[in-house]
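In what follows, a structure is listed as structure tokens, so that the remarks can point back to it.
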Amino acid sequence: MALSVIFVGLAFWQASELEQAIQAGVSAHAQWTTSLAHRVFWQVERERLPILLFVLLLFGCIGWFTRNLVHHLTRLRQYQAVTVQVQHDLLNQDSPQIMYQRLVDRVVAQTEAIGAYIVARDSEGQFLTMEAMADADVGPLSDGAVSGRCPVQGICPTVVAGEVFGTGLQLGPLNPHLASVAQNANDGRRTFERVRSVMAIPVFVDEPNVPFVVLVIESAEFRHFTRLLQDTLRQLASSLGLGLSRYFEQRELERAKAEIENLARHDTLTGLPNRRFLGEQLEQAMARATSHAKLLAVCILDLDGFKPVNDAYGHEAGDEVLVTLGKRLLGTLRKADFVARLGGDEFVLLVEDLAGPNDLAPILTRVEEVMNTPIPLGNGKNIQIAGSMGIALYPFGKEETGDQLLRSADLALYERKSNKTDREHFWAVGDKNAAREWQRTPAQYLLDAGALEVWYQPVLSGASRNVAGVEALARLRDDNGSILYPADFLPQLSVDDLTKLSSMVLTQALEDLKELDKLGWSLWVSFNFAPESFCRNCVPSLQGVISASGVDPKRITLEILESSDFLERNVSLSVLHDIKGMGVRLALDDIGSAYASLLRLKELPIDEIKLDQGFVRFLRERPQDLPFVRTIQDLASDLQLDLVVEGVETTEILDAMLTMGVPYLQGYAISKPLPLSGLQQFLSGYVMDTGRHPARLFGLYAGTLKLHAAIKNMLLINATQLDIASLVDGHQCRGHSVLHRFGYGDDSHLVQLHNAYHRTLGAIARDTGNHSSWKLMESALNEFLQALLEDDSKGGFASKIGNPRV
């Protein structure tokens, strides 16, 4: 038992020792193994390490290259996509400006470019035009700070483009900050600060070596433009050039087509539309007349005696006549009207938008004037050509097509050419009855119904202060008893109506004049004659009315409106001489209201001029118009013409006109227009004005102006003929006695100003060459006149007189 215990104990001791021994051995082995492993590893791997590093470097290079390759391919793909889209856009045949802008927008929006520009050169080559641009940044160029027309030495895109225009070759890629070509660039754009590479590619259209425009692209990368990308950009520029070439070719084809079409529709000699174009236009005009409820006039004009022109002067002269007449017709008609040449010596006029036949007469009158105007030839000769015209009106009668209208107009033309000797006008309307009834106006119905009344406005003689004559004025009384005045009914009357109206007024006026003669009032009468009615046939008509009345033609005055264009007609002068030969007096009415030439005025055989009331009616409010009245008065006196001043509406103006010595006066201050019975009452109760004039300060104002003009003329012409002592002494002037009559004493301001004015006149009379004296005189006169107006407006000391019974 004890032995067993000892044996077991010995066993545990040996086991414990063995465990410690094993642990010590394991630790020692581990230390040996790590050291050995390090030694073995470096001995084995040292030879492989360079290979491993090379492999790692190789993989890095391959990755970098792959990324760059992918980047370049992506960029190339972007530009290729832009090129395809631009090629597709060019198929739309847009204008070059749209092509340019769309291209640069796509380049900047879809690629890595930070700027794209299309630069063109002007015809002189001195300036470059920025036709289109797209900028990645908002810089001065985008803000419009740089003009669209940039000098060659300007911003970077124009500088490089200028080089390309000079060489015709691609420029770049280059760094604009380093390249010598861009050193002169003065580029303040923020985008330019980021530009590291720029390329300019020429775009050719017609000439292979002369760029039409230049495409400039800017990038923020140094190596942006690879060779493949440069090829793509050249392809893009080539596509743009092809698109531009196709655009210009298409426009040239369209222009040539339009020119061919124009030649097919126009006469080669005159350039006017031909028969084909006329047919198209006629159908459209008929449709417009129907839809707008207006009248269309189809007029065929044929020249009378055109063949002798060709025989006498040659066909070239005949062509000149046709060309000149065609131009004149175009200039005479309205813009909406149409002129065509049928061939030979025939023309067709389409006159649209007529409210009725009455609107056609003034237009045809102008055409007649053109026909009567001589045509100068290249050989120095003048040709007088006549014509006949036939007219068809639509929608009248049975005509429903353009051909039918032309046939109707041709029939009317034949009728007119068959009656050349006794015709009143050179034209004839086909269906006269239909034309006559088309939209007849109320005034026409009243005139036909005998609703005319003749009223009279007295005309006062400034010298005798008696009524010397009357002006016969037309009035129409409607069914309600209301009076229509000329401003109301004259626009409703045709030329024939106006001629009829003038004849009716004259007939009635002469009958009334004989009634007045029986009562002891021997007056003359004036009446208005419509300028549109003047023609050769009007002379026998007037002569017939006057002869039937038995009134002396010298008591009749025929008034012509100055505002009409009658005075510019070539036929007017001979007609006026014929009327003058009958013994009738002639007057030019409303002088100053229009544009009558003084040269033309002196040629007219007139006896009287009537100053338009617009210069007289408001003289009190506009005294500065008085010199004009005085000038017309002097003009009439120098031409030995009577002067009638209209618009004498107030006693103040009447006083001023009488003071100025105006020969004849007419206006409400004398009498308003009256029917015959009213005129008889007026004449029976008329009391001649025997008062002294001027009767008011305004009258003295007018008289002073008149007197001053006379004195000034004498000073300028021959001052030695003036009595200087009397001129200097204001007391000897009639104005001084007038001021005393108005109650102004010698110490009053008006008398003192009047005397000061006369002293300045004396200074001028002694030395007319002293300019200072003239200025002092004008100043003294103006001061005196202004004081007269101020006292007159206040009432002053002016005598109080009642309205004279005139």
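Some points to look at:
- For segment 480-493, Karplus couplings with θ = phi - 60° (6.51, -1.76, 1.60), whole Hz, Gly/Pro x: 8, x, 7, 8, 9, 9, x, 4, 8, 9, 4, x, 8, 9
- Computed over segment 618-753, Kirkwood Rh from alpha-carbon pairs, angstrom: 17.0
- Share of Cα-Cα pairs in segment 227-374 lying beyond 27 Å, as whole percent: 44
- Shown here is the pair-distance distribution of segment 712-751: with all Cα-Cα distances grouped in 10 Å bins from zero up to the longest one, the shares run 27, 40, 26, 7 percent.
- Surface accessible to a 1.4 Å probe, per residue, for the residues of segment 219-287, Å²: 59
- Taking other residues whose beta carbon is less than 12 angstrom from the beta carbon of residue 277, and scoring Lys, Arg as +1 and Asp, Glu as -1, yields 0.
- Taking Cβ atoms as reference points and 11 Å as the exclusive limit, the residues near residue 664 contribute a net charge of -3, counting Lys and Arg as +1 and Asp and Glu as -1.
- Normalised by 2.2 N^0.38 Å, where N counts its residues, the alpha-carbon radius of gyration of segment 631-697 equals 1.25.
- Rounded percent of accessible protein surface that carbon and sulfur make up, segment 251-343, 1.4 Å probe: 55
- The share of Cα pairs per 5 Å bin across segment 515-564, counted from zero up to the longest distance, runs 4, 16, 24, 25, 16, 9, 6, 1 percent.
- Per-residue ³J(HN,Hα) for segment 741-757, Karplus 6.51 cos²θ - 1.76 cosθ + 1.60, θ = phi - 60°, Hz, x for Gly and Pro: 4, 7, x, 8, x, 5, 8, 6, 5, 5, 5, 5, 5, 5, 5, 4, 4
- Mean-position separation - Cα centroids, segment 249-268 and segment 757-771, in angstrom: 76
- Qualifying aspartates and glutamates (Cα of each under 20 Å from Cα of residue 514; at least 8 residues distant if same chain): 453, 471, 552
- ³J(HN,Hα) computed for each position of segment 247-257 - Karplus, 6.51 cos²θ - 1.76 cosθ + 1.60, integer Hz, glycine/proline x: 4, 5, 5, 5, 5, 5, 5, 5, 5, 5, 5
- Å² of accessible area per residue within segment 364-427, as computed with a 1.4 Å probe and no ligands counted: 52
- Among residues other than residue 526 with Cβ under 9 Å from its Cβ, the summed charge is -2 (Lys and Arg +1, Asp and Glu -1).
- Straight Cα distances below 16 angstrom link residue 602 to the aspartates and glutamates 562, 568, 589, 634, 638, 642, with same-chain residues fewer than 8 positions distant left out.
- Of the chymotrypsin sites (Phe, Trp or Tyr not before Pro) in segment 159-263, those whose Cβ has at most 11 other Cβ within 10 Å and which sit in DSSP loop: 222
- Eigenvalues of the alpha-carbon gyration tensor of segment 83-136, scaled by 5 and square-rooted, set the equivalent ellipsoid semi-axes at 21, 16, 7 angstrom, largest first.
- Rg to Rh, two decimals, where segment 343-383 supplies the alpha carbon set and Rh follows Kirkwood: 1.13
- Entries in 335/420; 417/500; 420/554; 420/500 that, when Cα-Cα distance is taken, lie over 32 Å: 420/554
The values are calculated or read from the model by the stated rules, or taken from the named source; none is laboratory data. Not measured: the values here are computed from a predicted model. Ideal geometry is used to build each Cβ from the backbone, glycine not excepted, and the neighbour counts take in all protein chains shown. With ligands, DNA and RNA removed, areas are computed over all heavy atoms of the protein, side chains included. Shrake-Rupley method; radii C 1.70, N 1.55, O 1.52, S 1.80 Å.
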